[in-house]
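Accompanying notes for the structure given below.
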Amino acid sequence: MQPSELVMNPKQVFLSVLLFGVAGLLLFMYLQVCIEEQHPGKVEKRREQRATSGWEPVNYLRSTPRIMTREKIQEHITNQGQSEPSALKENGNNPKSHMLKDPKDKLANLLNSKSPTRVFTETNHSQGEAPALSRNPGSPTIQLIEKQQGTKILFRKFSETNWSVDIQPLNKSLVTDSKWKRIDATQEKRRSFLQEFCKKYGGVSRPQSHVFHMVSRIYVEDKHKILYCEVPKAGCSNWKRILMVLNGLAPSAYNISHDAVHYGKHLKKLDSFDLKGIYSRLNTYTKAVFVRDPMERLVSAFRDKFEHPNSYYHPVFGKAIIKKYRPNACEEALNNGSGVKFREFIHYLLDSHRPVGMDIHWEKVSKLCYPCLIHYDFVGKFETLEEDANYFLQLIGAPKELKFPNFKDRHSSDKRTNAQVVGQYLKDLTRTERQLIYDFYYLDYLMFNYTTPFL
């Protein structure tokens with residue numbers, strides 16, 4: 001046989017490639033259907049999570065500029081004393097409140113900044129040619145098309161949903177003790193303040209993030225129909241203990257260890273459900289968020305993660321921070337990442353080119369819980385944590401003997417982080433650095449009506 005006879009003509013090559021391509025596509029679609037049947041909702045979730053894969057989180061709510069010129073800082077400080085009318089104030093005529101003279105433009109940019117991708121994006125896979133591959137109604141191809149069309153409709157339903165910020169009254173039928181009247185009045189002020197703030201400055205008609213990312217910090221307790229958004233360093237460990245007791249996973253919150261709370265994976269998160277499950281729970285469950293003064297929360301996170309031995313934060317964050325922000329660092333510090341100073345940590349936080357990404361322990365509440373997009377029925381504060389939490393337990397009909405635990409989860413011998421402790425950490429920072437921290441947490445300060453005693 002001559003060598004020329006071994007060469008396939010172009011037509012044969014084309015047909016071979018086409019057959020292999022079609023066979024591979026059919027196999028891929030069949031496997032995708034099998035995976036979807038075994039893990040409902042996971043395929044949609046994966047599509048959403050692609051935008052958040054990577055070390056640096058996607059900028060869903062664009063933050064205020066982390067580095068400002070001296071002129072802008074001085075202008076911001078000058079404008080700080082000019083306040084809005086007190087229509088949105090919770091604490092009366094407090095001269096340190098944050099409703100600046102005209103923050104509307106800045107807030108509009110923060111809340112409505114356009115991200116590269118929309119919130120509830122439809123699938124990008126073309127479906128126009130799929131029916132030609134197989135016309136058998138029971139075939140894997142047709143089943144896949146039907147599933148994708150159903151998902152497409154559900155995504156459209158989400159994208160067209162009006163994320164209302166109107167206040168829905170709490171169900172107080174289970175609260176019988178008159179001692180809760182004061183706490184209830186405070187709660188109504190907080191909810192009203194947040195909702196009025198979002199109406200006035202948010203102008204949000206469609207979320208600008210991915211649904212699975214938006215609900216990724218929300219824990220689910222189906223028995224009492226609770227959604228709790230986790231804000232680290234604001235009592236979240238004890239709240240998880242409470243959710244475990246309500247779920248019947250433990251008889252008492254005092255018997256649950258720190259590792260069981262954070263690494264046991266006993267609690268469900270809202271992003272583990274499919275879109276239909278997320279949508280129904282957001283509309284029918286009682287949603288709660290507990291927040292804390294941003295500066296106190298930041299100092300508390302630093303003390304917990306960098307002033308005690310830690311096998312994750314020291315090598316991952318500590319080494320990177322020391323390498324970039326400590327001139328002439330010794331080899332030991334560079335190797336183990338221990339001994340990060342608070343000022344070095346602040347330089348990392350404010351750096352627009354951080355050597356390592358953000359972390360939930362010092363991430364803004366506005367980017368953890370999206371309080372202007374998800375309507376929270378209950379807004380608790382760490383400063384009144386115990387009484388707020390026990391009132392909430394009354395509202396959702398928890399067992400009367402269940403009380404919110406008041407013990408310190410870790411480092412119990414350390415003094416709790418309060419205003420006095422924060423002042424000690426901030427005394428070595430310049431006024432400009434303190435102002436930049438405030439700018440970083442600008443939305444959190446305004447949304448939850450916190451004052452700025454450290455500026």
Mind telling me which of the residues S173, S192 ends up being of a type in the set (S, T, N, Q), at pLDDT 65 or above, open to solvent by less than 80 Å² (accessible area, probe 1.4 Å) and closer than 30 Å to E386 by Cα? S192
Among the listed residues I374, I278, I346, identify the single one that is open to solvent by less than 10 Å² (accessible area, probe 1.4 Å), among the β-branched types (V, I, T) and under 24 Å from A185 (Cα atoms). I374
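Results for (1) surrounded by fewer than 15 Cβ atoms within 10 Å (Cβ to Cβ); (2) more than 22 Å from the chain's Cα centre (by Cα), shown as yes or no for each residue.
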| position | (1), (2) |
| --- | --- |
| V379 | no, no |
| I396 | no, yes |
| Y445 | no, no |
| F448 | no, no |
| L455 | yes, yes |
Restricting attention to the range 396-455, which residues are closer than 15 Å to S300 by Cα and acidic (D, E)? D409, D414
Look through the range 403-427, keep the residues that are of a type in the set (A, V, I, L, M, F, W, C) and surrounded by 12 or more Cβ atoms within 10 Å (Cβ to Cβ), and return whichever of them is farthest from F392 (Cα to Cα). L426
Of all residues in the range 281-303 being charged (D, E, K, R) and open to solvent by 20 Å² or more (accessible area, probe 1.4 Å), which is nearest to G339 (Cα to Cα)? R303
Set S272, S280, S352, S311: member being closer than 25 Å to I437 by Cα and among the polar types (S, T, N, Q): S352
Being of a type in the set (G, A, S) and surrounded by 21 or more Cβ atoms within 10 Å (Cβ to Cβ): is that true of A389 here? yes
Do you know which of the residues in the range 250-267 that are open to solvent by 90 Å² or more (accessible area, probe 1.4 Å) and not in a helix (DSSP H, G or I) is farthest from K223 (Cα to Cα)? K265
Residue list for the range 211-243, restricted to those being assigned to a loop (DSSP other than H, G, I, E, B) and open to solvent by 10 Å² or more (accessible area, probe 1.4 Å): S216, R217, D222, K223, H224, K225, K233, G235
Restricting to the range 229-264, name every residue that is among the acidic types (D, E) and touching a residue at least 40 places away in the same chain (Cβ under 8 Å). E230
Taking the options E344, E332, name whichever one is over 24 Å from the mean Cα position of the chain (by Cα), farther than 21 Å from Q424 by Cα and not small (G, A, S). E332
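The values are calculated or read from the model by the stated rules, or taken from the named source; none is laboratory data. From a predicted model like this one, the values you see are computed outputs, not experimental measurements. Here the Cβ is made from the backbone with ideal geometry for all residues, glycine too, and neighbour counts use every protein chain on show. These area figures cover heavy atoms from the full protein model, side chains too; ligands, DNA and RNA do not enter into them. Shrake-Rupley method; radii C 1.70, N 1.55, O 1.52, S 1.80 Å.
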